[in-house]
Amino acid sequence: MSQSPSNPKGTRDFNPLTLKRRRYIIDTIKSVFTSFGYNEIETPSIEKRNTLYQKYGSEGDKFIFNIINSGEKVKKADIKSFNNEKYNDFISSLSEKGLRFDLTVPLARYVSQHQSEISFPFKRFQIQNVWRADRPQKGRYQEFTQCDADVIGSNSIMLEYEMLQLFSYVFRKLKLDSVNIRINHRRVLNKIANHIGIFEDFNEFLVIIDKIDKIGIDKAKEEVKNKFKDLRDIDELFEMISKKMSPKTYLNNLKSNFLDHDDDNLLDEIETLSKLITNDKKLINIEFDFSLARGLEYYTGLIYEVSLGSDSEIGSLGGGGRYENLTEAFNLKDNSGIGISFGLDRIYHVIDEKNLFPKDLSLNNDILVINFGKKYLIEIFEKINQLRANGWNVSIYPDNNKLSKQFTYSNKNNFNFALIYGESESQKNCIKLKNLETGSEIEYELKKFIQNFLKM
């Protein structure tokens, strides 16, 4: 019994129009990356499991698509571990590779592996598919495209500023300059935790703070109170961190509430960034936000998140931050990095919803050659090739079908013109070109068709 065809869960097909629009977004992002001196790399879809586990450890089994060993290697499967419900050990015995779940771990592996060939600081961008075994839901897929830019080998504050420029330039080009870039600092979050009496389990505190956008400030505050006992000034703190701030306000609150005498470097970093932001009128809307946490533990410095604002159901359109220790697992120490990523699928959804895709991205084909039989096609093949050589997209209808069927095809596929050359035209030594939008026809002398058409 035959089955109806369907996609694997969490994956999609892209029709020609969707693909053209996705490439428009990707090309826009690429153009900005390259204008700032970033060079493109690609890494394999498959990585060794021990490489992938450098970031998330055994917890990675929750979302890594493992690739089963083939052939004789299957015999090495640890059945005893399976019977004892030690599934991580069983999977390890059965699989040596997995599909990459992001582009950051492959980058860390790449930089460490090729460090002798790389000139630091190393500026790269990468736009490739990743696979993640999350539960599929609206706007979240198991196969999706990441658009990343990173710099490895410098801790300069100018790079923090450059990331803001990359975000701003891309979203302005995409006509999404109403988005907001939220900024915070991991060391500031540490200061906040210490201020209210949290000196251990800092990451658990971050997890709760990171949920504020989803669960609201009151529920987050309640979770913190329930998790951590004997806290100080928590009501006042949550009132303050619930507000988005200008660079100046953020800085003043930081100085007044959280900074000690040993925080000169942190203060200088944020003051420098604030000045750069204030003086650059080309940046899009920037907010400093004490509540921004970003859940990934490897961020150590400034962190970013781009969104449409609190009233939008669309989540983050991009994010990133500073990390210090990512390459240490691959024996490359003291190599600070910073990176950002654009959420291609969500950006597509917003542009489509706002009807902001350029009109010329429609599937307009240039010319359809109407088929009146092989004899007539052979007579004008040279003209067809000349049109293509001059940049026109020309498609020949492959079968000598009824004219009504051929013109129905031309309409459904958005052709601009129909080239007509049959018995009548052959006898008159001419070619007719029909404008499929207006219905008007122009007749050209066969010998002079190309030169006259190109003048049109």
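State the number of residues belonging to segment 386-426 that are touching a residue at least 60 places away in the same chain (Cβ under 8 Å) and either part of a strand (DSSP E or B) or farther than 9 Å from ILE367 by Cβ (or both).
So the count comes out to 2.
If we scan segment 179-195, do we find a residue that is within 30 Å of ARG12 (Cβ to Cβ), touching a helix residue (DSSP H, G or I) at 6+ places or on another chain (Cβ under 6 Å) and not charged (D, E, K, R)?
Initially, segment 179-195 is screened for residues within 30 Å of ARG12 (Cβ to Cβ), giving 179-182.
Now drop any that are not touching a helix residue (DSSP H, G or I) at 6+ places or on another chain (Cβ under 6 Å), which leaves 179, 181.
Then keep just the ones that are not charged (D, E, K, R); that gives 179, 181.
Taking every residue of segment 179-195 in turn, at least one turns out to be within 30 Å of ARG12 (Cβ to Cβ), touching a helix residue (DSSP H, G or I) at 6+ places or on another chain (Cβ under 6 Å) and not charged (D, E, K, R).
Kindly indicate whether LEU454 is at negative phi, modelled with pLDDT under 95 and over 37 Å from the mean Cα position of the chain (by Cα).
So LEU454 passes the test.
Among (1) at pLDDT below 80; (2) surrounded by 18 or more Cβ atoms within 10 Å (Cβ to Cβ), where does GLU239 come up short?
With respect to (1) at pLDDT below 80; (2) surrounded by 18 or more Cβ atoms within 10 Å (Cβ to Cβ), GLU239 is out only on (2).
Please verify whether LYS333 is modelled with pLDDT under 95, among the basic types (Lys, Arg) and over 28 Å from LEU267 (Cα atoms), treating the condition exactly as stated.
The answer is no for LYS333.
In segment 208-221, what residues are farther than 17 Å from ARG182 by Cα and surrounded by 15 or more Cβ atoms within 10 Å (Cβ to Cβ)?
Matches in segment 208-221: ILE208, ALA220, LYS221.
This table checks each residue for (1) over 25 Å from GLU269 (Cβ atoms); (2) within 18 Å of the chain's Cα centre (by Cα); (3) free of Cβ contacts under 8 Å to residues at least 24 places away in the same chain; (4) buried (at least 19 other Cβ atoms within 10 Å of the Cβ).
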position: GLN128; (1), (2), (3), (4): yes, yes, no, no
position: ILE152; (1), (2), (3), (4): no, no, no, yes
position: TYR169; (1), (2), (3), (4): no, yes, no, yes
position: ASP177; (1), (2), (3), (4): yes, yes, no, no
position: ILE181; (1), (2), (3), (4): no, yes, no, yes
position: GLU200; (1), (2), (3), (4): yes, no, yes, no
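Here is a yes/no grid of residues against (1) buried (at least 17 other Cβ atoms within 10 Å of the Cβ); (2) farther than 30 Å from THR11 by Cβ; (3) touching a Cys at 6+ places or on another chain (Cβ under 8 Å):
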| site | (1), (2), (3) |
| --- | --- |
| ASN331 | no, yes, no |
| ASP334 | no, yes, no |
| ASN364 | no, no, no |
| LEU368 | yes, yes, no |
| TYR376 | yes, yes, no |
| SER410 | yes, yes, no |
| LEU419 | yes, yes, no |
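Hey, any hits in segment 235-251 for a residue that's small (Gly, Ala, Ser) and within 22 Å of LEU317 (Cα to Cα)?
Scanning segment 235-251 turns up at least one residue that is small (Gly, Ala, Ser) and within 22 Å of LEU317 (Cα to Cα).
If you scan segment 151-169, which residues turn out to be of a type in the set (Ser, Thr, Tyr) and part of a helix (DSSP H, G or I)?
TYR161, SER168, TYR169
The values are calculated or read from the model by the stated rules, or taken from the named source; none is laboratory data. Keep in mind the model is a prediction, meaning the values are calculated, not measured. Using ideal geometry, Cβ is built from the backbone for each residue, glycine included, and neighbour counts are taken over all protein chains shown.
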